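Quick one: the structure is below, and I'll ask about it shortly.
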Amino acid sequence: MQYHPLLVTEHIKVRYSYRLEDVEDVCDAVDKLNPSIRRARRQAIFAGCLLLAAPFLAARSILHPELFLLLMAPFGLCFLWCGVASPKRDARQRYSQAIDVWPEVDVFIGDDGILMHTRSVPGELVTWESISQGVEGKRAVGLISRSTMLVFLQSAFSVQQWAEFRQLVRERVHST
């Protein structure tokens, strides 16, 4: 195992390329952790449909909608737009350019933290203490540090490395 000067002890070294599907997977797992957000999106869709249909339901005939309620249509469209917003679409908008910039990532994982090397960022150490939450998706694990999400792909690790990495995450990070 190669020694790196920023890490006192190095356990795992992996190299992988980000794919947008893996980031979407972790964002979807984060979304499923908070059911109130999903419920709010469903309620926004219902409110939007109701505001769009109200002018015709309150009118004497479908050809003569209630004018005041018809002016509420832009609000109905806004509610619909907010309701159909998905975590996958949000992930595509936020991370698609970053994935193009970081085609390959070298990761050194040790007791002190996680050292990530990319073409644009040569050596960023993220300590375990700075990671506030861990989220496990179907094919990846996301570690949230301040306003940054670090995504680690299961396919980049060997079976033994993946078990060791998950054990480190369980020991040092509040996982959900």
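Return the residues of the stretch 47-59 that are part of a helix (DSSP H, G or I) and either aliphatic (A, V, I, L, M) or surrounded by fewer than 13 Cβ atoms within 10 Å (Cβ to Cβ) (or both); say none if nothing qualifies.
Hits for the stretch 47-59 are 47, 50, 51, 52, 53, 54, 57.
Those residues that are surrounded by 17 or more Cβ atoms within 10 Å (Cβ to Cβ), farther than 13 Å from residue 168 by Cβ and at pLDDT 80 or above, I need them from the stretch 106-135; list them, please.
Selection gives 115, 116, 135.
One residue is enough: does the stretch 66-75 have a residue meeting the conditions under 30 Å from residue 56 (Cβ atoms) and among the acidic types (Asp, Glu)?
yes
Checking the structure you have, find out if any residue of the stretch 71-80 is in contact (Cβ under 8 Å) with a residue 40 or more places away in the chain, at negative phi and out of contact with any Phe, Trp or Tyr (no Cβ under 7 Å at 6 or more places or on another chain).
Of all residues in the stretch 71-80, those in contact (Cβ under 8 Å) with a residue 40 or more places away in the chain come to none.
Among the residues of the stretch 71-80, not one is in contact (Cβ under 8 Å) with a residue 40 or more places away in the chain, at negative phi and out of contact with any Phe, Trp or Tyr (no Cβ under 7 Å at 6 or more places or on another chain), which makes the answer no.
Another question about this same structure. Considering only the stretch 107-138, how many residues are charged (D, E, K, R) and in a loop (DSSP other than H, G, I, E, B)?
4
Considering only the stretch 145-160, state which residues are within 19 Å of residue 22 (Cβ to Cβ) and surrounded by fewer than 16 Cβ atoms within 10 Å (Cβ to Cβ).
148, 155, 158, 159
Next question, about the same structure. Of the numbered conditions (1) closer than 18 Å to residue 33 by Cα; (2) touching a residue at least 40 places away in the same chain (Cβ under 8 Å), residue 157 satisfies every one except a single condition; which is it?
(1)
Considering only the stretch 132-176, how many residues are of a type in the set (Ser, Thr, Tyr) and over 20 Å from residue 110 (Cβ atoms)?
Adding up the residues that qualify gives 3.
Just need a number here: residues in the stretch 139-149 that are outside any loop (DSSP other than H, G, I, E, B) and modelled with pLDDT under 80.
Applying the first criterion (outside any loop (DSSP other than H, G, I, E, B)) to the stretch 139-149 yields 140-145, 148-149.
Subsequent filtering for residues that are modelled with pLDDT under 80 retains 148-149.
Residues meeting the conditions: 2.
Going by the conditions given, is residue 53 farther than 23 Å from residue 25 by Cβ and at pLDDT 85 or above?
Answer is yes for this residue.
Go through the stretch 74-91 and count every residue that is surrounded by fewer than 16 Cβ atoms within 10 Å (Cβ to Cβ) and touching a Leu at 6+ places or on another chain (Cβ under 8 Å).
The qualifying residues number 2.
The values are calculated or read from the model by the stated rules, or taken from the named source; none is laboratory data. Here the structure is a predicted model, which means the values were calculated and not measured. Note: ideal-geometry Cβ built from the backbone for every residue, glycine included; neighbour counts use all protein chains shown.
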